[in-house]
Structures are given as C-alpha cells and as structure tokens.
Amino acid sequence: MPADLIAAPPKDLVLEDGFRFLHGQLIAPFTIRYETFGELNADKSNAILVCHALSASAHAAGKYTDSEDERPG
C-alpha cells in the first residue's frame, strides 16, 4: 500500500453476548475492530484477514487523513 493512501475509518463489530473461549471463559461485550481496503469481488475470493498483536492499534495501512502529523499504518 502506498504511504499516501487515505483509508476509510476503522469499523467495529460488537458482539454484545460476548466471545466464549474453548475453556469456558467469556469476554462480554467483545469488540472486533477492523479495516477494509478496496472492493470485495463477486465471489468474495479476494479477502485477506490480517491478525496481529504487535501494537495496540488495528491500523494496518495508509492514513485516515492527509495530516503531516499522522503516521501511516
């Protein structure tokens, strides 16, 4: 992705009933923050899921504004 890409703001998927782990622990509510780039094709075969725990941010690429102070994801 180009460093000058202006990305759409992140979206949240909120699971009000929470997320239950295999061992029974529950986190509720549970929020998944995600970003999308480009367009999903008709057969939905061009989606890529990137999961990481390297930072507190889910920002993957580009910037949200054209501000010189903002760092790209």
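The values are calculated or read from the model by the stated rules, or taken from the named source; none is laboratory data. In this text the structure is predicted, and so the values were computed from the model without any measurement. As a convention, Cβ positions derive from the backbone with ideal geometry for all residues, glycine included, and neighbour counts pool all protein chains shown. Surface areas here come from the heavy atoms of the whole protein model, side chains and all, with no ligands, DNA or RNA. Shrake-Rupley method; radii C 1.70, N 1.55, O 1.52, S 1.80 Å.
Structure summary
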{"quantity": "Any hit, region 58-65, residues being modelled with pLDDT of 90 or more and open to solvent by less than 100 Å² (accessible area, probe 1.4 Å)", "calculated": "no"}
{"quantity": "Output for region 26-49, where each listed residue is of a type in the set (S, T, N, Q) and exposed (fewer than 10 other Cβ atoms within 10 Å of the Cβ)", "calculated": "ASN41, SER45"}
{"quantity": "Filter pass, SER55 being modelled with pLDDT under 80 and hydroxyl-bearing (Ser, Thr, Tyr)", "calculated": "yes"}
